[in-house]
Amino acid sequence: MPVYRVQSTTPDYWFPLVPIMEAPGSIHFRVATMNTEAAPVSPRGRLITPGQWVHEEEVPREGAAVLRRPVLARWFDGTWHSWTRREKAPGTGESSSGLAFDTVRPTDPWP
């Protein structure tokens, strides 16, 4: 007998960006939470947190990798200064969360 599932599961590190239209032609993305049975997980970084939004042009189709790197530099008077910089690089390509709706799977293997 086939098994019907309304929705598949997604990895716990997958955070959906939901498009919101502010004005005609102006869209930004807001981080949303997933409706799952598991305990809610929030992003571990400081770049994006639930409730924040991102401009549409900042989210390319191939994705983006953002790295935080510590920097230590010396000023001309000999003092040390440190800060954290962020570097944005192109992603590795379009990916998928594996989320699917209305799936039917057979329980017995096919002959």
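A few comments on the model shown:
- Yes/no for T49 being on the phi < 0 side of the Ramachandran plot, in contact with a Pro (Cβ under 7 Å, 6 or more places away or on another chain) and of a type in the set (V, I, T): yes
- Residues being in a loop (DSSP other than H, G, I, E, B), loosely packed, with under 12 Cβ neighbours inside 10 Å and within 17 Å of the chain's Cα centre (by Cα) - total across the stretch 61-103: 8
- Only a single item in (1) surrounded by 10 or more Cβ atoms within 10 Å (Cβ to Cβ); (2) in a strand (DSSP E or B) is not met by L47, and it is number (2).
No lab work stands behind these numbers, since they all come straight from the coordinates. Because the structure is a prediction, the values reported are computed rather than measured. Using ideal geometry, Cβ is built from the backbone for each residue, glycine included, and neighbour counts are taken over all protein chains shown.
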